[in-house]
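Reviewing the structure listed below.
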């Protein structure tokens, strides 16, 4: 087992003041990887104070220098791709190709996209529209009015365990480019790539206190969110935890960006390219063992092509090779923990007991690791738990529809509104259905096409705020209006 790693506070690696530690486990084997320090409330306070002390000098760093530092960090991550990818596989369980492409190169591309925004976050010069109340005054000409965009301050970035490195970067990059300082808390299950990121942040030359990293469980996340020195919380995770964070943040009117759960539909009409649609349905739900917020975990198929589509999806599921992400032939890795495996299997059992038909899968895979076989269920009750609740595992629930109106109704029949995928060759139908689905992102004849230039936002219970695009950067700034009498 690797040595214990400390906390990054004020540009230095320090030991936690608590003696408590957490064991990080390889989900493919169930064996321990490392001992990680559990921060104390005092450590959280020290990290927040370091971020507050650094905020004034960091906001005054030139935009060009911020751009340079983010780009330098992207180069260091890219140069470290082999180490980071293997570390991500060992800690999280995903396949090596996915770790390299999504986690590492996704982080590189995210940093490079946001680095350019440092020189483009400008305010406006405004003409006052109201009449000057002074005698003889003309409309607006007696004033010079302008606005600036200022950093919100200290950000608490709390990231999940499914794609830990790129989720950390998706919070850090817009915050740093906007001039904010950050206290970053990785999930207790997957801190290793975040801690390596901390080493690269120091190497890149970021000033002390600009980025701080504390590790630990939910109690440390709660202490960070509730800390009076935090100005904004950026969180990705479950809707239940997001609600708790929103309630805590609301007590002190902290700003929040919450990217939460999903139960996204993939809708297949009878005029679609059925082979591509079936491949997309299988790929999306079995990617990262189904542990993706945007996974299209509900497959809605028009009745007259139901059997053809389901047969192909089940065929693909049955051919997937299950194994360690370090196996070059593996296509489906484990879920994150024994607890998560038990949760996924309980959803499957509950669905079958409630009348769902098991088409394939439905069992844990004999292994010391936390594997779940790719599972497809036929579920005709739209109110069933398996159709309503986020499972976060390799489980696809299939239902049918007859009309366009029914497809829209079924797609919208959950509390979530994160994403949807729609398959049809009818352009008019594509526009009609896409504009009727209650989701922040809709893909037509494609799936999981993500780019930082696009806003990514959850509707309904899938979140608050925006990640990606200029809108995502603006989550980390606040306008100041200045009016000068001339």
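If only one of 204, 222, 240, 234 is under 22 Å from residue 418 (Cα atoms) and surrounded by fewer than 22 Cβ atoms within 10 Å (Cβ to Cβ), which one is it?
240
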Completion exercise
Considering only strands (runs of 3 or more DSSP E) wholly within the stretch 126-193, the ones with at least 2 residues that are more than 17 Å from residue 209 (Cα to Cα) and modelled with pLDDT under 95 are 143-151
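Tally up the residues in the stretch 252-271 that are over 25 Å from residue 283 (Cβ atoms) and in contact (Cβ under 8 Å) with a residue 12 or more places away in the chain, please. Step through it out loud before you land on a result.
If we filter the stretch 252-271 for residues that are over 25 Å from residue 283 (Cβ atoms), which is where we start, we get 252-258.
Next cut, in contact (Cβ under 8 Å) with a residue 12 or more places away in the chain only: 252, 254-258.
Matching residues across the stretch 252-271 total 6.
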Handout entry: Any hit, the stretch 342-363, residues being in contact with a strand residue (DSSP E or B) (Cβ under 7 Å, 6 or more places away or on another chain), assigned to a loop (DSSP other than H, G, I, E, B) and at pLDDT below 95
Key = yes
Completion exercise
Taking the stretch 428-472 and keeping residues part of a helix (DSSP H, G or I), touching a strand residue (DSSP E or B) at 6+ places or on another chain (Cβ under 9 Å) and assigned by the TED database to the domain that holds residue 302 leaves 429, 430, 431, 433, 434, 435
Practice task
Might you check whether a residue that is under 17 Å from the mean Cα position of the chain (by Cα) and buried (at least 22 other Cβ atoms within 10 Å of the Cβ) occurs anywhere in the stretch 250-257?
Solution key: yes
Practice task
May I ask you to verify whether residue 50 is touching a strand residue (DSSP E or B) at 6+ places or on another chain (Cβ under 6 Å) and part of a helix (DSSP H, G or I)?
Solution key: yes
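The values are calculated or read from the model by the stated rules, or taken from the named source; none is laboratory data. In this text, all values refer to a predicted model and were calculated from it rather than measured experimentally. We place every Cβ from the backbone using ideal geometry, glycine too, and count neighbours over all the protein chains shown.
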